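**Student:** To start, I am sharing the structure in question, which I have written as structure tokens.
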Amino acid sequence: MEGMVLGIDAEEGVIRTADGTRYRFRSSDWKSPRAPQPRDRVDFVVDGEYAREIYLMGYGMGDVSEAFSKVQTSEKTMPAVVYGCYIGALLWGVTMIVGVALAYVYRGSASPALTRTHFDYQISIFWKSLIGYLAGILFLFFGVGIVILALTYLWVIIKSVKGWRLLNQGKPMPSP
């Protein structure tokens, strides 16, 4: 029989089947190497009101392949990746270039207006920040360049967080 672990303490737990029947089990009946966790999908043998010979099915906490397919089909995935690339540019500057490349590639095939506005916004952030970074590098020789670079990066973070927040709310970017 198949079911899902509802809860477990040190010695006992409860499994619920699809029809709502609950079976108690002892830790000694657990046969998989990883300890049971709530929401684990399991296969077991019924023995009265107890579950015996319990084996973990899949990866627990839901099916990993199902979660991965949802991520792949989400219209918000690529814009979120680009925002992440922009925020990560402080540590690895090349991620911002990767981010704008992704925005250009995916903007052409963006069907919903939601993602199209975010890709346009991200491309705009890149080109405006490039001007700020170049100005900061130029003015390093005059002593104010480090301030310009820091302010430019702070601006990129603020704009990226703003865009990410609106993306997660399912809202398009407003026109500038």
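Readers should treat all values here as calculations from the given coordinates under stated rules, not as data from a laboratory. Predicted model only: the values in this text are computed from it and were never measured. Note that we place each Cβ from the backbone using ideal geometry, even for glycine, and neighbour counts take in every protein chain shown.
**Student:** Mind pulling the angle between the C-alpha long axis of helix 64-73 and the longest principal axis of the chain? Nearest 10 degrees, somewhere in 0 to 90.
**Tutor:** The angle comes out at about 30 degrees.
**Student:** In whole Hz, what ³J(HN,Hα) sequence does segment 158-169 give by Karplus (6.51, -1.76, 1.60; θ = phi - 60°), x for Gly and Pro?
**Tutor:** 3J(HN,Hα) across segment 158-169, in whole Hz: 4, 5, 5, 5, 4, x, 4, 5, 5, 4, 5, 7.
**Student:** Could you give each residue of segment 140-149 its phi-based ³J(HN,Hα) in whole Hz, using Karplus coefficients 6.51, -1.76, 1.60 with θ = phi - 60°, and x for Gly or Pro?
**Tutor:** Listing the rounded values in order: 4, 5, 9, x, 9, x, 5, 5, 5, 4 Hz.
**Student:** Throw me the Rg/Rh for the chain, computed over C-alpha atoms with Kirkwood Rh, two decimals.
**Tutor:** That ratio equals 1.27.
**Student:** Would you look at the GNM of the chain, springs on alpha carbons closer than 10 Å, and say which of Gly88, Gly13, Gly163 moves the most?
**Tutor:** Among Gly88, Gly13, Gly163, the largest mean-square fluctuation in the Gaussian network model of the chain belongs to Gly13.
**Student:** Tell me which chymotrypsin sites (Phe, Trp or Tyr not before Pro) from segment 103-150 have a DSSP coil assignment and no more than 15 other beta carbons within 10 Å of their own.
**Tutor:** none
**Student:** Please arrange Met96, Met173, Met4 by counting, for each residue, the other beta carbons lying within 10 Å of its beta carbon, fewest first.
**Tutor:** Exposure proxy ranking, most exposed first: Met4, Met173, Met96.
**Student:** Report, to the nearest 10°, how far helix 113-138 tilts away from the longest principal axis of the Cα atoms in the chain, using its own Cα long axis and a range of 0 to 90°.
**Tutor:** Taking Cα atoms only, the helix is inclined about 50 degrees.
**Student:** Let me ask something else. Quick check for me: using +1 on Lys/Arg Cβ and -1 on Asp/Glu Cβ, what's the dipole size of the chain about its Cα centre, in debye to the nearest 20?
**Tutor:** The calculation lands at about 1020 debye.
**Student:** Would you look at the GNM of the chain, springs on alpha carbons closer than 10 Å, and say which of Thr77, Thr152, Thr17 moves the most?
**Tutor:** Thr17
**Student:** Rounded to the nearest 10 degrees, what's the angle between the helix 94-107 long axis and the longest principal axis of the chain, both from Cα atoms, 0 to 90?
**Tutor:** 80 degrees
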